[in-house]
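The values are calculated or read from the model by the stated rules, or taken from the named source; none is laboratory data. It should be emphasised that the depicted structure is a prediction, and the values quoted were computed from it without experimental measurement. FYI the Cβ positions are ideal-geometry reconstructions off the backbone, even for glycines, and counts take in every protein chain you see. The area values use the complete protein model at the heavy-atom level, side chains included, leaving out ligands, DNA and RNA. Shrake-Rupley method; radii C 1.70, N 1.55, O 1.52, S 1.80 Å.
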Amino acid sequence: MNESGRLRVLLADDQPLLRMGFRLILEGEDGLEVVGEASDGADAVRQVGRLDPDVVLMDVRMPTLDGIEATRAITSSGARARIIILTTFDLDEYAFAGLQAGASAFLLKDVAPAELVQAVRVVASGDAVVAPRVTQRLLETYVRGAGPASEGSGAGAAPAAVPAPRDPLLDDLTPRETEMLEAMSEGLSNAEIAHRYFLSEATVKTHVRRILTKLHLRDRVQAVVYAYETGLVTPSNPDY
């Protein structure tokens, strides 16, 4: 956010009409500013370094450098920009790969204008995951190596993923923080977690901040990805 208090957004998509549509939606809202557009991933990486946006709307399929590699380059550079992956299907392996690469959320390209605006604001705040139930379903489908290609037992089924060794960083969490991380991985909001454990939302936010600090993670969605990848949380529905 710049000195004027406006959220700065970068649009990265190889379709000019889609960028135009998103620009019209976002610039029609108070407190939002589109600071640049990129037509491929390499240009997106350059513009993040030059423009320092708060949020990047990143298409996954772009020439030169795709949105996944661009996301990985941006997050590994230490840039403060948070990234929202744009995809066509909710259960999309590219959307999951984007979350693994460091994106904070994903949206469908046909998202309603109000949902787009809300997503940008929420992701910029770092306080919640966009569409948590869908995010959870995406993680359960892909993170344990049980994507659509592995459904059933016919030829071409993918082998089951081998659980990763327990991360020693998990031992730094208190029992309460471990409970909070498990609840976050269910897709629960701060308010829902507070209700479940009879806590105030402020207390939940404090726990979430401590979890992110201890595990060296950027935001809530990265914490959820981490919980699945380390085996702390396992898919609840084997039929996904």
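Under 8 Å between Cβ atoms, which residue pairs at least 6 apart in sequence (or on different chains) link something in the range 76-90 that is in contact (Cβ under 8 Å) with a residue 24 or more places away in the chain with a partner that is in a strand (DSSP E or B) and β-branched (Val, Ile, Thr)? The qualifying pairs are Ala81/Val55; Ala81/Val56; Arg82/Val55; Arg82/Val56; Ile83/Val55; Ile83/Val56; Ile84/Val55; Ile84/Val56.
Of the residues making up the range 174-213, those that are aromatic (Phe, Trp, Tyr) and either within 22 Å of the chain's Cα centre (by Cα) or on the phi < 0 side of the Ramachandran plot (or both) number 1. Taking the conditions (1) under 18 Å from Met62 (Cβ atoms); (2) at pLDDT 85 or above; (3) open to solvent by less than 10 Å² (accessible area, probe 1.4 Å) in turn, Ala95 satisfies each one other than (2). Could you check the range 45-90 and list, in sequence order, the residues that are open to solvent by 60 Å² or more (accessible area, probe 1.4 Å) and either within 20 Å of Asp219 (Cα to Cα) or modelled with pLDDT under 90 (or both)? Answer for the range 45-90, where residues must be open to solvent by 60 Å² or more (accessible area, probe 1.4 Å) and either within 20 Å of Asp219 (Cα to Cα) or modelled with pLDDT under 90 (or both): Asp52, Arg61, Pro63, Thr64, Glu69, Arg72, Ser76, Ser77, Gly78, Arg80, Thr88, Phe89.
Across the range 34-60, the number of residues qualifying as more than 26 Å from Glu93 (Cα to Cα) and in contact with an Asp or Glu (Cβ under 7 Å, 6 or more places away or on another chain) comes to 1.
Against the criterion of being more than 22 Å from Ser76 (Cα to Cα), crowded, with 18+ Cβ neighbours inside 10 Å and of a type in the set (D, E, K, R), Arg19 qualifies. Of all residues in the range 9-20, those being assigned to a helix (DSSP H, G or I) and within 13 Å of Leu107 (Cβ to Cβ) number 1.
Whether any residue in the range 191-214 is open to solvent by 60 Å² or more (accessible area, probe 1.4 Å) and at pLDDT below 80 is what I want to check. So far as the range 191-214 goes, no, none of its residues is open to solvent by 60 Å² or more (accessible area, probe 1.4 Å) and at pLDDT below 80. Among residues of the range 99-116 that are over 14 Å from Leu138 (Cα atoms) and in a helix (DSSP H, G or I), those with a Cβ under 7 angstrom from a residue that is among the polar types (S, T, N, Q) and open to solvent by 20 Å² or more (accessible area, probe 1.4 Å), sequence gap 6+ or separate chain, pair up as Ala101/Thr75.
Scan the range 70-92 for residues that are assigned to a helix (DSSP H, G or I), touching a helix residue (DSSP H, G or I) at 6+ places or on another chain (Cβ under 6 Å) and not basic (Lys, Arg) and jot them down. Ala70, Thr71, Ala73, Ile74 - these are the residues of the range 70-92 that are assigned to a helix (DSSP H, G or I), touching a helix residue (DSSP H, G or I) at 6+ places or on another chain (Cβ under 6 Å) and not basic (Lys, Arg). Of the residues making up the range 184-207, those that are among the small types (Gly, Ala, Ser), in contact with an Asp or Glu (Cβ under 8 Å, 6 or more places away or on another chain) and under 23 Å from Leu138 (Cβ atoms) number 1. For the range 1-16, filtered to residues that are without any contact (Cβ under 8 Å) to a residue 40 or more places away in the chain and within 19 Å of Ser125 (Cβ to Cβ), the residue that is surrounded by the fewest Cβ atoms within 10 Å (Cβ to Cβ) is Glu3.
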